[in-house]
Amino acid sequence: MAWALKLPLTDEVIESGLVQDFDASLSGIGQELGAGAYSMSDVLALPIFKQEESNLPPDSDNKILPFQYVLCAATSPAVKLHDETLTYLNQGQSYEIIMLDNRKIGELPEITGKMVKSIIRVVFHDRRLQYTEHQQLEGWRWNRPGDRILDLDIPMSVGIIDPRANPTQLNTVEFLWEPSKRTSVFIQVHCISTEFTMRKHGGEKGVPFRVQIDTFKENESGEYTEHLHSASCQVKVFKPKGADRKQKTDREKMEKRAPQEKEKYQPSYETTILTECSPWPEIAYVNNSPSPAFNTTPTSFPVAEGNGSPTHQPEPVVQVADNLLPTATPQDAQQWLLRNRFSPFCRLFTSFSGADLLKLTREDVIQICGPADGIRLFNALKGRVVRPRLTIYVCQESQQSREQQTKHENGDAAANTFFVYHAIYLEDLTAGELTEKIAQLFNISPRQINQIFKQGPTGIHVLVSDEMIQNFQDEVCFVLDTMKDESNDGYHIILK
């Protein structure tokens with residue numbers, strides 16, 4: 001059969017065909033592995049390499065911070081990606097903050113073997129509350145006499161030296177520590193987030209706080225004023241065990257979500273790393289003296305007394321608005337901004353002196369602060385004072401009684417009796433405004449004043465209303481008396 005004759009092939013023919021097929025296969029493989037198909041850049045572009053690469057800092061942001069602060073409390077799992085972490089704390093519980101030294105070899109050699117000073121603060125996260133921080137803290141002081149917002153747990157802390165807590169700054173503590181040595185500080189937060197909510201009907205959400213740490217080194221004068229590093233984190237404070245319940249509730253809610261929804265949220269971390277931020281402006285409270293205490297009835301506020309003697313001058317009362325001088329230092333300018341209700345812009349103008357602020361034009365201020373606050377700041381800088389709608393003068397009855405008794409004992413004529421009155425300027429002509437102005441005059445919280453009465457005919461007490469204030473004569477004089485409210489810790493003011 002003819003086709004059977006083609007079957008026998010020599011070994012040489014078979015070997016030659018296999019070699020050609022093998023060469024062709026190698027040639028194809030070489031083309032597929034060429035630079036055009038599988039370059040190294042394409043390999044690095046794979047998702048797995050991209051994910052690892054995203055965790056690396058960019059070339060322009062590869063600066064390693066000199067310090068790192070770690071709060072030993074878990075973050076909430078109910079925080080969306082790219083949002084700031086949120087940590088729940090229990091009221092009064094001690095939480096550790098580990099102070100880490102991240103300096104490279106040779107970095108900041110001037111602090112090697114030396115102490116640095118760190119200031120820890122609990123401040124408001126919301127701008128609305130930052131705007132009225134002083135009033136909020138003073139109100140808390142009166143509701144919780146003798147308590148502090150922030151405390152150090154000194155027995156549990158390690159490596160801290162000279163811990164201090166200013167009696168007038170309830171939300172601030174400070175201490176010295178050496179970066180090269182192991183240091184951890186334990187803090188206790190005694191206020192809860194719901195204490196600063198506007199309406200308290202139960203079930204309301206508490207306001208968030210910030211735990212901020214600012215670290216300074218010594219200057220040539222030996223004072224710790226040269227800023228090194230600042231970091232902060234967002235927290236909410238609950239009643240004891242409340243943070244644990246809230247953390248558990250958030251975790252259970254996340255477990256019930258679909259996998260696609262879970263990807264939109266951050267995982268919960270065992271510790272909270274404080275992120276770098278701007279330093280908190282060093283602003284002293286307007287009221288640097290201990291708050292007055294109410295003792296007996298009738299009660300008098302500790303107002304500075306003036307007797308006309310050069311050796312006994314009355315303590316000056318800080319005005320709500322004053323003129324900024326060109327010679328004011330940046331620290332003085334910061335205090336002026338705070339006194340005149342420009343606290344949201346304190347950080348923005350941290351390095352501005354009085355001369356720097358006064359050189360700003362109206363357009364500059366509006367561009368920086370916006371139209372509303374910009375116009376108000378410009379008018380305040382230029383000292384444009386608007387005449388108040390109503391001016392009244394007040395004096396304490398107890399002060400008059402003491403003056404008259406002193407004059408009587410000394411045998412002086414009554415005509416020579418000298419009383420000190422204080423001016424109160426009203427714009428809105430409301431009872432609420434009068435309450436705030438009287439509280440501000442005597443450095444007390446408006447919450448301590450329950451009602452204001454005016455003594456009428458035959459000694460009756462007439463409740464002061466908005467309409468009554470609108471009918472006051474300008475520059476009218478009153479003598480203030482106080483009466484304890486038996487139902488609570490408040491007081492009534494009587495205008496005589």
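The values are calculated or read from the model by the stated rules, or taken from the named source; none is laboratory data. Model, not experiment: these values are computed from the prediction. Quick reminder, even Gly has a Cβ in these numbers, built from the backbone with ideal geometry, and neighbours come from all protein chains shown. To get the accessible areas, we keep the full protein, side chains included, count just its heavy atoms, and leave off ligands, DNA and RNA. Shrake-Rupley method; radii C 1.70, N 1.55, O 1.52, S 1.80 Å.
Worth a mention:
- Of Gly206, Ala258, Pro240, farthest towards positive along the dipole that unit charges on Lys, Arg, Asp, Glu beta carbons give the stretch 201-261: Ala258
- Per-residue SASA entry for Phe124, accessible area with 1.4 Å probe, Å² rounded to 10: 10
- Net charge of Cβ neighbours under 13 Å - reference Glu263; Lys, Arg +1; Asp, Glu -1: +3
- Of the residues Gly159, Leu170, Tyr88, the one whose Cα sits farthest toward the positive end of the charge dipole of the stretch 72-223, with +1 on the Cβ of Lys and Arg and -1 on the Cβ of Asp and Glu, is Tyr88.
- Amide N of the stretch 474-496 lying under 12 Å from the label point, which is placed 7 angstrom from the Cα of Glu397 along Cα→Cβ: 479-484, 492-496
- Accessible carbon and sulfur surface of the stretch 237-279 relative to its total accessible area, %, 1.4 Å: 50
- Taking the charge dipole of the stretch 104-263 about its Cα centre, with +1 at Lys and Arg Cβ atoms and -1 at Asp and Glu Cβ atoms, the residue from Phe186, Ile119, Gly222 reaching farthest to the positive side is Phe186.
- Lys253 accessible area, 1.4 Å probe, all protein chains in place, Å² to nearest 10: 120
- Computed on protein heavy atoms with a 1.4 Å probe, the accessible areas place His227, His190 in the order His227, His190, largest first.
- Net charge of Cβ neighbours under 11 Å - reference Ala231; Lys, Arg +1; Asp, Glu -1: -1
- Sorted largest first by accessible area at a 1.4 angstrom probe radius, with every protein chain in place, the residues Cys369, Cys72 fall in the order Cys72, Cys369.
- Applying both filters, DSSP loop and at most 11 other Cβ atoms within 10 Å, to the trypsin sites (Lys or Arg not before Pro) of the stretch 60-108 gives Lys63, Lys104.
- Flagged links, alpha-carbon separation over 20 Å, of Lys239/Lys262; Lys80/Lys236; Lys454/Lys484; Lys437/Lys496; Lys114/Lys181: Lys239/Lys262
- Difference of contour (0.36 nm per residue) and Cα-Cα distance, Gln473 to Asp356: 37.9 nm
- Counted charge near Asp356, where neighbours are those whose Cβ lies closer than 13 Å (Asp, Glu -1; Lys, Arg +1): -1
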